[in-house]
Amino acid sequence: MSNSEKNPYQLFNKTIWSNWKNQDVVCIKVEELSQSNGITFFELIPDSEMLDADSETLYPIDSEDVMDMLLPNAQVKFVVHDIYMADLDD
């Protein structure tokens, strides 16, 4: 990816979680995205109702597992694609 291309992912954070809660998101799908330099990236997808693979999991937005995704971790990063951020400013 060249420097002029914008990365479409943001790290999951408390603001995103809070905005999703305010938008009545019920669950979050976690899907392994990629591995790079010893770091595994997982994409978070709000209110996804379908699992596409055995490696995907749905978590209630208020679960302890989702809260743990907000904690810093050197080997694991939870990211959110820009398409799921479009309504956050509403």
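No value in this document is a laboratory result; all are computed from the given coordinates. Only a predicted model underlies this, so the values are computations on that prediction, with no experimental measurement involved.
Taking 0.36 nm per residue of sequence separation and removing the Cα-Cα distance, the residue 57/residue 7 pair yields an extension gain of 15.6 nm.
All alpha carbon pair distances within region 9-84 were sorted into 10 Å bins beginning at 0; the resulting P(r) in whole percents reads 19, 57, 23, 1.
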